[in-house]
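So the structure is just underneath, and the comments pick up after that.
The values are calculated or read from the model by the stated rules, or taken from the named source; none is laboratory data. Quantities reported herein were computed from a predicted structural model and do not represent experimental measurements. Here Cβ is always computed from backbone atoms with ideal geometry, including for glycine, and neighbour counts include all displayed protein chains.
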Amino acid sequence: MRGDPMLTGHPSTMADDYQLNVTTMLRHAARSFPETEIVYRDDRGAWQRSNYAVEYGRVAQMAHALSGLGVAPGDVVGVLDWNSRRHLELYFALPGLAATHLQLNIKLSREDLAYVVEHSGAQWVVVDESLLPLAEGIQDAENIKGWIIASDTPGGRTETSLPNPVYLEDLMIDESDSYDWEEIEESSAAYAGYTTGTTGRPKGIFYSHRSVCVHSWALHTALSFTHRDCLMPVTPMFHAMTWGFLHAAVLAGSKVVMPGQYAASDVGPLAEALVDEGVTVSNGSPAIWTPILEYFRARAEPVDLSGLRVVVAGSEPALALMKGFKEAAGADIVHGYGASETSPIVAINWLRKRSLDDMAEADWWDLKRSQGLPSAGTDIKIMSLDGIEQPHDGVSAGEVYYKGPYITQEYFDRPEAADAFEDGWWRSGDVGVIDPNGYLKLTDRLKDVIKSGGEWISSIDMENAILDNPAVAEAAVIGVPDEKWDERPVAYVVAREGNTVDADTVRTTLSTRFAKWQLPDRVVVVDELPRTSVGKLNKKKLRSDDAV
């Protein structure tokens, strides 16, 4: 989709035809750091230990088992699983066979999940034993050749209505722990995932071996991963490859902690694992890290997590969350930004530039709200609605465009969605600015920005300002139609447990950062906010409910 022809210089003498393959990352880790631990929770929730050498052998056994079953190059294999040991192994075994690992979002509706399985052309589905009811709800998909059950329980003991299921561990047990991995054309799709927006059917993105490898190196650099780090991926592995963190950790030979199944209502196992295993890198949305902070605040013994850096994305982390973790545990909450279309992390907010050394503390914390510096290899520009590229002055806003080796250039079999791409650039739909230091700051979504009396009001900025009030746990701001002003803001807030919030409190909190005319006309206190399957605020539902 390049608009301009490439220049050609003098030929190189390098092995430019050597293909970038995902499985080589695990081979490197097993060769250089065989003793490094892989810690995981089994089906019973008990913690177990392995290492890179053992996992490399199991991935080989898994590859033999899957190929023996009939999984072939070009096949799409769906995976319904938690952040488990076997899911980690499938991350490398399936692409190593030149098959495509299809991430199936267990939070999708049954209708959307069936659509993803059928639209992607998946031939096989691997399903964790605990998720069999979900798989049974989509078993009528005509393209599925077979169902593979992942379980610690020997085959034959699990009742299911799935036709002719086989058991992965049973298939692996007698297989060799070595495999002669073939070189794979790097443009082949290693993974596939589907976006989970609030409008229309999910859209498919197929990630090549090359794009995953290049993104891993960029993330490895941005996070300063080393073999002394310890990663616990909290972002679900079925969502944008847990943001690429596992690949970057394996590339570095880092210790990995797989938390298995967990819920925001019971974060104890996650929180204690952070302490017990010496986790130094993690990720996730504010929706999961907010209750983890509350857990640490209520813990009888204080904790020291001063070596922990947590990349929070999905929505902008509140200043109260960032300061709270620093004060309660010494941990650094770092804002990251990305989308399924960008592999996904495409910016991380590290405040380490020398030009920021003399910045006042208040300004420093304010800058931590921004999405950060673009990742290596990424091109980014800000475009006004009339198609003019905007200067990096921190003021001139426009839609954020991306282009690079790990940015998608089309959706799978969705030609009607081609308007999301322009001359090789992906149009994010986000409105933002870039400041003179190069930091990206999103100010809204194009569909969420509030236009009142000819002026724009940023719903994101207003939400985060509301969250500066320690009595507020969550906030969402939407624009509602108004005959006089076109649109007016309405704020929905959730009070923190044990606190009360009212309209006057919210408006007082906002008054230091917003003009009087910008303050919300209504403030609605609710018990919870509607969210999408990946935890993002579902403003479409809020607007729909508000109109009723």
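I need the full set of residues from the stretch 350-370 which are without any contact (Cβ under 8 Å) to a residue 60 or more places away in the chain and either of a type in the set (D, E, K, R) or outside any helix (DSSP H, G or I) (or both), in order please.
Correct list: Leu351, Arg352, Arg354, Asp357, Asp358, Met359, Ala360, Glu361, Asp363, Asp366, Lys368.
Looking only at the stretch 495-548, filter to residues that are touching a Leu at 6+ places or on another chain (Cβ under 9 Å), assigned to a loop (DSSP other than H, G, I, E, B) and within 20 Å of Ser109 (Cβ to Cβ); which one of those is modelled with the lowest pLDDT?
Among residues in the stretch 495-548 that are touching a Leu at 6+ places or on another chain (Cβ under 9 Å), assigned to a loop (DSSP other than H, G, I, E, B) and within 20 Å of Ser109 (Cβ to Cβ), the one modelled with the lowest pLDDT is Ser533.
For the stretch 228-257, which residues satisfy the criterion of being more than 16 Å from the chain's Cα centre (by Cα) and either closer than 18 Å to Cys213 by Cα or not in a loop (DSSP other than H, G, I, E, B) (or both)?
Across the stretch 228-257, the qualifying residues are Cys230, Val250, Leu251, Ala252, Gly253, Ser254, Lys255, Val256, Val257.
Identify, from the list Val39, Val71, the residue that is within 21 Å of Glu175 (Cα to Cα), outside any helix (DSSP H, G or I) and aliphatic (A, V, I, L, M).
Values: Val39 fails: within 21 Å of Glu175 (Cα to Cα).
When all the criteria are applied, what remains is Val71.
In the set Leu319, Leu385, which member is over 23 Å from the mean Cα position of the chain (by Cα) and surrounded by fewer than 18 Cβ atoms within 10 Å (Cβ to Cβ)?
On the way: Leu319 fails: over 23 Å from the mean Cα position of the chain (by Cα).
After applying the criteria, what remains is Leu385.
Keeping to the stretch 100-133, report how many residues are of a type in the set (Asp, Glu), modelled with pLDDT of 95 or more and in contact with a Pro (Cβ under 8 Å, 6 or more places away or on another chain).
Final tally of qualifying residues: 0.
Could you give me the residue pairs with C-beta distances under 7 Å whose first residue belongs to the stretch 480-496 and is on the phi > 0 side of the Ramachandran plot and assigned by TED's automatic domain parsing to the domain that holds Glu528, whose second residue is assigned to a strand (DSSP E or B) and modelled with pLDDT under 90 wherever it lies, and which are 6+ apart or on separate chains?
Pairs that qualify, where the first residue is on the phi > 0 side of the Ramachandran plot and assigned by TED's automatic domain parsing to the domain that holds Glu528 and the partner is assigned to a strand (DSSP E or B) and modelled with pLDDT under 90, are Asp486/Lys451; Asp486/Ser452.
Suppose we filter Leu251, Leu274, Leu305, Leu293 for residues that are under 18 Å from Pro233 (Cβ atoms) and without any contact (Cβ under 8 Å) to a residue 40 or more places away in the chain; which single one remains?
Among Leu251, Leu274, Leu305, Leu293, only Leu305 is under 18 Å from Pro233 (Cβ atoms) and without any contact (Cβ under 8 Å) to a residue 40 or more places away in the chain.
Of the conditions (1) surrounded by fewer than 17 Cβ atoms within 10 Å (Cβ to Cβ); (2) polar (S, T, N, Q); (3) under 14 Å from Phe238 (Cα atoms), Ser84 satisfies every one except a single condition; which number is it?
(1)
Give me a count of the residues in the stretch 87-141 that are of a type in the set (Ser, Thr, Tyr) and outside any helix (DSSP H, G or I). First the steps, then the outcome.
In the first step, residues of the stretch 87-141 are kept if they are of a type in the set (Ser, Thr, Tyr); the result is 91, 100, 109, 115, 120, 130.
Next, only the ones that are outside any helix (DSSP H, G or I) stay: 100, 109.
Adding up the residues that qualify gives 2.
Just the residues that are surrounded by 15 or more Cβ atoms within 10 Å (Cβ to Cβ) and either of a type in the set (Asp, Glu) or in contact with a Ser or Thr (Cβ under 6 Å, 6 or more places away or on another chain) (or both), please, taken from the stretch 411-431.
Scanning the stretch 411-431 gives Glu422, Asp430, Val431.
Name every residue in the stretch 188-210 that is closer than 29 Å to Gly57 by Cβ and more than 16 Å from the chain's Cα centre (by Cα), in order of residue number.
Within the stretch 188-210, Ser188, Ala189, Ala190, Ser208, His209, Arg210 meet the criteria.
Counting only residues that are hydroxyl-bearing (Ser, Thr, Tyr) and under 21 Å from Ile457 (Cβ atoms), how many does the stretch 500-537 have?
If we filter the stretch 500-537 for residues that are hydroxyl-bearing (Ser, Thr, Tyr), which is where we start, we get 500, 505, 508-509, 511-512, 532-533.
Retained after the next criterion (residues that are under 21 Å from Ile457 (Cβ atoms)): 505, 508-509, 511-512.
Matching residues across the stretch 500-537 total 5.
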